[in-house]
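Read through the structure below, which is laid out as structure tokens, and then see the notes.
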Amino acid sequence: MLDIARSEWMRYRWWFLAFAIAHVLVLVFFNRLVDLGQQPLNVYRLFAGVYALTGGLLGLHQMGTWRRPNQWLNLLHRPLAPRRIAIALLATAGAGLAASIALPTLAAVAWQAWGTARVVDPRHVMLPLGGWLIALCGYAAGAYGMLANRRYSASALVLLFWIGSAHAAGLGAIGVQLLACACGIAMVLVAFRPDLGAPPRGVLSTVLVALPVQVGVYVGILLLAFLAELLWIMLGTHPANTVAPPRGGYTETERMAPRERMLAGLAGATLADAALWREQVALSEVHAMGRLFVDLPVRGAMSNGVDAEFDDDDARVRWTFSHAAMRYEGRNIADGRGVGTLGIGTDGHAFPAIPTVTDPLPGMTHGDVTIVAGNMLYRYASSVRRVVPRIALPEGEYLLGVTPMGGNLVVRGDKAIYLFDGRHLVDGDGLLAPRQRIAIPGAPGDLTRAELVEAVDGYLLSFTFTWHASDMRGVPPYQTVLWVDDAGKVVPVATRTMGSDYPLPHRYRSWWPSPAMYVVREVATHLFADTDPTQRTDAPSVPGVVRLWAAMAMLASLLAGAWMVRRRRMSPTAGMAWTVACGLIGPPAVVSLGLIVPAVEHETANVPATA
């Protein structure tokens with residue numbers, strides 16, 4: 001076993017060395033340009049894609065060379081079990097990927113930690129491990145693609161798809177990558193046997209082969225739906241790109257200007273002051289209350305969900321947030337030397353959550369910065385290098401945005417809208433008290449737009465809930481308009497239900513083809529991920545007619561599975577298990593049965609004629 005590993009290492013050692021040198025040069029080049037430890041998610045996705053491709057090519061080449069009939073016979077004709085031979089090849093590839101991907105990344109992190117004043121947190125130490133695991137998963141996908149039956153050998157790619165679509169961050173992401181790698185290696189060990197391409201034997205082997213195939217078929221169904229939607233767009237009749245969207249639908253509402261949307265929300269109002277409010281909206285400015293970020297930033301995440309840096313141009317200092325210290329660490333822009341840390345107040349307390357920087361608010365002096373973290377809003381005073389808390393929402397709420405409106409500040413939380421007197425923002429160091437709090441009449445994950453008009457004796461607020469209008473994860477689209485008088489009394493004015501613009505099969509396209517696969521997808525993508533309270537939605541239950549479609553698909557799959565089992569050579573127990581699986585999982589299980597277990601006549605046709 002060690003001889004096989006040593007021989008395989010000698011075969012690839014120059015390739016590993018060349019890739020490691022090239023990797024180091026790339027990291028050095030980009031480290032000179034930017035701080036690689038503070039990049040957004042898409043930059044890390046680009047590196048991860050290159051690592052996965054590298055591992056995949058290694059797996060394809062290594063197993064492709066051994067898979068040739070003479071080479072395969074020579075490889076297995078040893079006093080070793082095939083599984084131990086496979087482990088030797090896998091270990092060599094793992095060591096090579098560690099030397100060419102993990103070690104250069106670790107060296108870059110170490111250089112940044114001890115050779116510069118840049119921020120290096122424990123989360124950055126996970127980057128070499130994460131890169132290596134992704135490359136190893138790509139390698140497993142490539143090796144499985146060469147060893148498994150051609151009809152389903154591409155199914156291991158779903159492991160990379162799983163890593164790319166997982167919501168976990170930090171250690172949770174490492175956990176997902178570890179599981180994906182373990183599944184990929186187990187699949188390679190199942191496929192690595194003398195009779196390449198034969199159906200798997202045993203329950204565990206069958207599940208290891210069948211589940212990725214079924215997930216792949218499910219993803220293929222979603223891809224077909226996406227392609228159909230592209231064709232719909234090309235025909236010019238798709239609601240999103242048609243010249244005249246369906247009347248009363250959410251697309252029409254999304255294309256409206258803020259004033260038109262507010263008037264549309266007031267169209268069905270029957271209160272006595274409705275006509276007066278329409279006149280005031282037509283003459284007033286409509287203020288949009290935006291959201292700073294879609295997902296809450298997660299402490300310990302390997303990438304930055306929000307901007308972690310800001311510059312104090314007057315002091316020539318760049319402040320970078322440290323997840324470990326929960327404070328900003330300063331670095332002189334001119335010479336790169338550290339200038340200390342920045343916390344809250346004169347004592348430099350830690351921030352309660354991962355902060356992000358937004359535009360300066362009216363009244364702030366040049367160089368001042370607005371910082372939002374958790375339920376707090378802070379003002380960074382450049383002249384004294386101090387962070388002062390200015391706005392605090394109640395515990396359990398999250399501050400998502402702040403909008404100046406004349407002399408007022410409108411703060412958008414995940415549960416309510418707050419109005420503050422902005423004239424006192426730069427006066428003193430105390431917390432501002434809200435003048436009014438207006439509860440948002442819906443779930444934060446459904447809310448797309450929040451708009452406000454300042455009237456003569458109060459405020460009109462419009463909330464548009466259309467974030468998940470085209471899929472089943474949110475509430476059907478609607479708009480609600482509220483009136484708030486100067487005393488803080490909230491009066492519902494009107495609620496407008498919109499058309500979804502899409503038929504039911506489109507909205508529930510990820511559920512009705514296979515409810516079981518939908519559950520698998522949801523569990524896999526949210527595995528080890530923190531719950532984001534700002535993404536909570538009020539999704540209704542699946543309509544009865546959609547449940548009927550799913551039941552019909554499952555029944556048809558059950559019958560198709562029973563018919564297919566009779567045409568395949570398998571034990572009664574295995575046949576019963578496949579039939580039940582087809583009934584429970586639906587079309588993906590039927591397709592996987594046809595791909596994994598060949599029909600009897602197909603087996604006979606493949607047997608060579610004997611003399």
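The values are calculated or read from the model by the stated rules, or taken from the named source; none is laboratory data. Every value quoted in this text rests on a predicted model; they were computed, and no experiment measured them. Every residue, glycine as well, gets a Cβ built from its backbone with ideal geometry; the counts of neighbours run over all protein chains shown. The protein model used for the area step is the full one, side chains on, heavy atoms only, and it has no ligands, DNA or RNA in it. Shrake-Rupley method; radii C 1.70, N 1.55, O 1.52, S 1.80 Å.
3J(HN,Hα) couplings calculated from phi for the stretch 484-497 with the Karplus curve 6.51 cos²θ - 1.76 cosθ + 1.60 (θ = phi - 60°) are, in sequence order, 10, 7, 5, 7, x, 6, 9, 10, x, 9, 6, 10, 10, 8 Hz; Gly and Pro show x.
Express the accessible area of the chain per residue in Å², computed with a 1.4 Å probe while the remaining protein chains stay in the model.
Working: 28850 Å² over 611 residues.
Each residue of the chain exposes 47 Å² on average to a 1.4 Å probe.
Shape summary: the stretch 349-425 maps onto an equivalent ellipsoid whose semi-axes, from the alpha-carbon gyration tensor, are 19, 17, 9 Å in decreasing order.
The ellipsoid that matches the Cα gyration tensor of the stretch 299-409 has semi-axes, each √(5λ) in whole angstrom, of 22, 18, 12, with the longest given first. The share of C-alpha pairs in the chain whose separation exceeds 38 Å stands at 49 percent. Relative contact order of the chain, taken over Cα pairs closer than 8 Å and 6 or more residues apart, is 12 percent. The phi-based Karplus calculation (6.51 cos²θ - 1.76 cosθ + 1.60; θ = phi - 60°) puts the 3J(HN,Hα) values of the stretch 322-330 at 9, 5, 6, 8, 6, 9, 7, 10, x Hz, whole numbers, x for Gly and Pro. Could you pull out every whole DSSP H run in the chain that spans at least 18 Å of Cα extent along its own axis and averages 0.0 or higher on the Kyte-Doolittle scale? Correct list, ordered by number: 2-33, 41-66, 82-97, 122-147, 171-191, 203-235, 544-566, 572-585. Need one word for the stretch 391-531: rounded, prolate or oblate. Basis is the Cα gyration tensor (sqrt eigenvalues a ≥ b ≥ c); a/c below 1.5 gives rounded, then a/b vs b/c decides. Because a/c hits 1.5 or more and a/b fails to exceed b/c, the stretch 391-531 counts as oblate. The stretch 177-242 and the stretch 252-290 have Cα centres separated by 47 Å.
Spatially, the stretch 85-129 and the stretch 481-549 are offset by 41 Å when compared through their Cα centroids. When Rg and the Kirkwood Rh are both derived from Cα coordinates, the Rg/Rh ratio for the stretch 484-611 amounts to 1.26. Diagonalising the gyration tensor over the Cα atoms of the stretch 184-308 and scaling each eigenvalue by 5 before taking the square root yields semi-axes of 54, 23, 13 Å, largest first. Ranked from largest, the principal axis spans of the Cα set of the stretch 1-138 equal 56, 25, 23 Å.
Which trypsin sites (Lys or Arg not before Pro) from the stretch 71-160 combine a DSSP loop assignment with at most 12 other Cβ atoms within 10 Å? Walk me through the intermediate numbers first.
Numbers: sites: Arg83, Arg84, Arg118, Arg123, Arg150, Arg151; in loops: Arg118, Arg150, Arg151.
The qualifying sites are Arg150.
Prolate is the label for the stretch 203-244. Its Cα gyration tensor axes, ordered a ≥ b ≥ c, give a/c of at least 1.5 and a/b above b/c.
Across the stretch 457-539, Cα-Cα distances exceeding 17 Å account for 63% of all pairs. A 1.4 Å probe, protein heavy atoms only, puts the accessible area of Met234 near 150 Å². Here the accessible area is traced with a 1.4 Å probe on the protein chains. For the chain, carbon and sulfur cover 64 percent of it. Under the criterion of Cα pairs below 8 Å and six or more residues apart, the relative contact order for the stretch 327-435 equals 17 percent. Amide H contacts of Val402 (H built 1.01 Å from N, in plane; Pro and chain starts excluded): Arg412 sit under 5 Å, all sequence-distant by 5 or more or on other chains.
With charges only on Cβ, +1 for K and R and -1 for D and E, what is the dipole size of the stretch 486-611 about its Cα centre, in debye, rounded to 20?
Dipole size: approximately 360 debye.
Remark on the stretch 504-570: Rg and Dmax equal 16.3, 52 Å (Cα only). Taking θ as phi - 60° and the Karplus parameters 6.51, -1.76 and 1.60, the scalar couplings of the stretch 239-244 work out to x, 6, 10, 6, 5, 10 Hz in sequence order, x denoting glycine and proline. Under 5 Å between amide hydrogens, built in the peptide plane, is the criterion, and for Val298 it picks out Gly305 among residues at least 5 positions away or on other chains. Only alpha carbons enter this Debye calculation for the stretch 110-194, each as an equal point scatterer, and the log10 of I(q)/I(0) it gives at q = 0.25 Å⁻¹ is -1.12. Rounded to the nearest 5, what % of DSSP beta bridges with both residues in the chain are antiparallel? Once the DSSP bridges in the chain are tallied, antiparallel ones form about 95 percent.
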